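Please read the structure below before turning to the comments.
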Amino acid sequence: MSNLYSLLAAGFPEDSQAACLILPDGGTWSYGDIERASGRLANLIVALGLRPGDRVAAQVEKTPAALVLYLAALRAGMVFLPLNPAYRRHEIDYFLADAKPGLFVCRPQARALAAAAARQAGVAHLLELDDAGRGSLIDAAAPQADDFKTVARRGDDLAAILYTSGTTGRSKGAMLSHANLAVNAQTLHDYWRFEPGDVLLHMLPIFHVHGLFVACHCALLNGSAMLFEPKFDARRALALLPHATVFMGVPTYYVRLLQAPGLTAAAVRHMRLFVSGSAPLLRETFDAFRARTGHTILERYGMTEGGMFTSNPYAGERRGGTVGLPLPGTAVRIVDDKGMACAAGAIGNIQVKGDNVFVGYWQMPEKTRAEFTADGWFKTGDVGALSADGYLSISGRAKDLVISGGLNVYPKEIEDMIDALPGVAESAVIGLPHADFGEAVTAVVVRQQNPAGAALTEAAILAALRGELAAFKLPKRVHLVDALPRNAMGKVQKNVLREQYSPAG
Ligand code: MCA
Ligand code: AMP
């Protein structure tokens with residue numbers, strides 16, 4: 001097994017001038033440009049003194065250079081660590097201290113914070129990449145040679161670490177190997193029948209599995225052009241869809257597309273495939289999209305800890321309300337709380353196994369062991385059922401997790417921060433149904449019986465959290481109450497809170 005980059009590059013078109021990235025301003029990066037630019041950056045990374053296995057962290061906006069940085073890290077044998085630009089100092093400190101990258105690439109506007117965080121974590125090199133794809137990273141790479149011999153890697157060598165927050169409040173770095181990513185890329189490329197001439201409309205962020213691995217890997221492996229947009233925008237998507245054949249998005253994208261008056265069958269006539277994932281696609285969205293466009297969205301299911309596990313079929317029945325069938329090479333089983341297999345149709349814990357399933361959590365061997373069964377199945381923390389004909393439906397989550405607009409928010413992290421505020425006795429964070437984001441982060445806070453408690457307001461709590469947390473994690477509402485509902489064991493009954501505060505409730 002070789003470097004994942006070599007697998008991807010084997011799919012690059014023969015004509016190195018063929019377009020790889022087409023930008024909003026009409027500018028184009030050819031496949032040759034990608035190869036040369038990633039060569040220069042790989043040479044720079046090596047020249048800085050990083051060695052294979054070292055981490056390269058990036059907290060940058062979505063630009064061609066950001067994607068090229070990922071490819072360069074792969075080529076040089078480094079372990080890539082993408083970080084959401086929305087993360088604040090508190091979050092970045094943790095990731096840098098935990099992963100100890102040799103190089104951290106930040107945005108110039110975040111330089112002061114990044115420098116302090118990098119100093120504290122002992123990161124040797126800090127370079128900048130701005131929102132136009134320029135900066136000291138690019139300047140430093142400019143004198144480097146375009147040619148770079150991609151470093152050989154073994155299948156189990158790490159290619160990336162992606163942090164997923166944890167139910168305990170502490171983030172875990174999911175270690176993904178070259179083989180994990182390669183096998184999933186190839187499987188999805190084949191299962192979704194990528195074909196010559198496909199053009200991917202790419203509007204997802206590239207700091208998560210969906211945008212970086214699922215979307216980019218399929219396109220690169222196919223030698224396809226990507227209409228590479230900085231972010232999702234429904235109006236812009238409608239303008240670009242006539243030039244694309246494949247679109248991938250989280251359910252919020254489909255909800256917003258349906259609200260746009262221009263979404264008609266004619267507007268998406270050339271499309272071959274619409275894929276949805278990262279959060280549950282409501283049946284009404286699935287049905288409305290089909291009625292309006294004639295296209296049946298293909299829903300799939302996966303996790304940072306292994307990429308995609310299941311997918312509705314390309315040619316067979318795409319069944320609304322399900323996430324389809326186990327992908328080739330991935331096994332899925334449903335077990336009860338004692339680990340016994342559930343019958344078809346019965347709801348239980350979803351477990352998966354396959355070469356795509358991650359290596360473990362970075363420097364957390366015990367956490368890793370706890371998330372696998374003795375016979376090697378990964379416990380997803382999702383709950384669902386397999387139909388007699390093999391379709392998986394997800395009915396809930398055993399893990400305490402809110403998914404808002406396709407982004408994960410772990411209540412424990414927010415609760416810990418709220419509980420630390422003066423005047424707060426305790427708090428519970430829940431997800432409530434939300435028309436746009438699917439779920440909305442909501443906090444229920446109990447005041448202390450003292451002047452600090454009496455002075456607490458929703459606005460004050462939100463203001464205190466804003467500086468500390470990525471904005472997408474901020475509660476959309478904070479409710480102040482006298483007590484939280486508890487069961488006989490003393491556990492907070494979040495289901496009761498969800499009922500009480502849900503919009504329809
Ligand atoms: C932005 N905001 C959000 C979210 N995004 N609030 C809640 N949930 C969100 N997801 C807040 C911002 O902090 C800001 O708040 C305000 O909304 C406007 O920000 P803006 O950036 O303009 O919002 P937007 O452009 O409308 O973004 C919403 C979005 C975006 C398009 C839904 O979040 C998005 O692209 N999500 C996709 C994420 C994704 O790629 N997930 C895949 C993960 P304020 O005004 O207070 O500052 S991979 C995964 O889950 C697995 C492996 C899988 O199966 O794929
Ligand atoms: P992440 O930790 O960002 O990788 O998010 C993974 C989680 O997203 C899974 O464990 C599921 O709870 C959820 N998820 C992903 N795809 C789907 C889907 N199609 N339907 C329901 N939940 C999904």
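What follows draws every value from the coordinates through simple rules; no lab data is involved. Being a predicted model, the structure only gives us computed values, none of them experimental. A quick note on method: Cβ atoms are made from the backbone with ideal geometry, for glycine too, and the neighbour counts reach across all protein chains shown.
General remarks:
- Working from Cα pairs under 8 Å separated by at least six residues, relative contact order for the stretch 1-155 is 30 percent.
- Principal semi-axes in Å for the stretch 336-401 [√(5λ), Cα gyration tensor, largest first]: 23, 13, 11
- Furthest towards positive pole of dipole, 162, 73, 348, structure part the chain, Cβ charges: 348
- Leading residue at positive end of dipole, the stretch 227-339 (Cβ point charges), from 278, 330, 294: 294
- Between residue 139 and residue 233, the contour length at 0.36 nm per residue exceeds the Cα-Cα span by 30.7 nm.
- Among 177, 485, 406 the positive-end extreme of the charge dipole of the chain (Cβ point charges): 485
- Of the peptides 458-467, 197-206, the ranking by mean beta-carbon count within 10 Å, highest at the top, reads 197-206, 458-467.
- Debye-sum result for the stretch 225-286 in log10 I(q)/I(0), which assumes one identical scatterer on each alpha carbon, at q = 0.15, 0.19, 0.24, 0.27 Å⁻¹: -0.42, -0.70, -1.15, -1.43
- Percent antiparallel among DSSP beta bridges (both partners in the stretch 50-207, rounded to 5): 30
- Based on alpha-carbon atoms, the Kirkwood radius and the radius of gyration of the stretch 106-202 give Rg/Rh equal to 1.04.
- Summary value for the stretch 260-412: 18 percent relative contact order, contacts being C-alpha pairs under 8 angstrom separated by 6+ residues.
- Ordering of 474-481, 486-493, 437-444 by burial proxy (mean other Cβ atoms within 10 Å per residue, highest first): 437-444, 474-481, 486-493
- Cα centroid of the stretch 68-102 to Cα centroid of the stretch 286-335, whole Å: 30
- Kirkwood-based shape ratio for the stretch 450-505, expressed as Rg/Rh from alpha carbons: 1.02
- Spin-label model distance (nm) - residue 154 vs residue 14, 7 Å beyond Cα toward Cβ: 3.7
- If you plug the beta carbon distance of residue 335 and residue 486 into 1/(1 + (r/R0)^6) with R0 = 22 Å, you get a FRET efficiency near 0.15.
- Cα-Cα pairs of the stretch 1-127 separated by more than 18 Å (percent): 55
- The chain, dipole about Cα centre (Lys/Arg Cβ +1, Asp/Glu Cβ -1), debye to the nearest 20: 460
- Inverse mean reciprocal Cα-Cα distance (Kirkwood Rh) of the stretch 186-345, Å: 16.2
- Too-long pairs where the Cα-Cα distance tops 32 Å, listed order kept, from 149/473; 149/379; 172/494: 149/473; 149/379
- Of all DSSP beta bridges confined to the chain, the antiparallel ones make up roughly 60%.
- Rounded to the nearest 20, the Cβ-based charge dipole of the stretch 77-189 about its Cα centre (Lys and Arg +1, Asp and Glu -1) stands at 340 debye.
- Expressed per residue, the C-alpha convex hull volume of the stretch 400-505 stands at 97 Å³.
- Taking the Cα atoms of the stretch 96-163, the ratio Rg/Rh between the radius of gyration and the Kirkwood radius comes to 1.02.
- Cα extents for the chain along the principal axes, largest to smallest and rounded to whole angstrom: 67, 54, 51.
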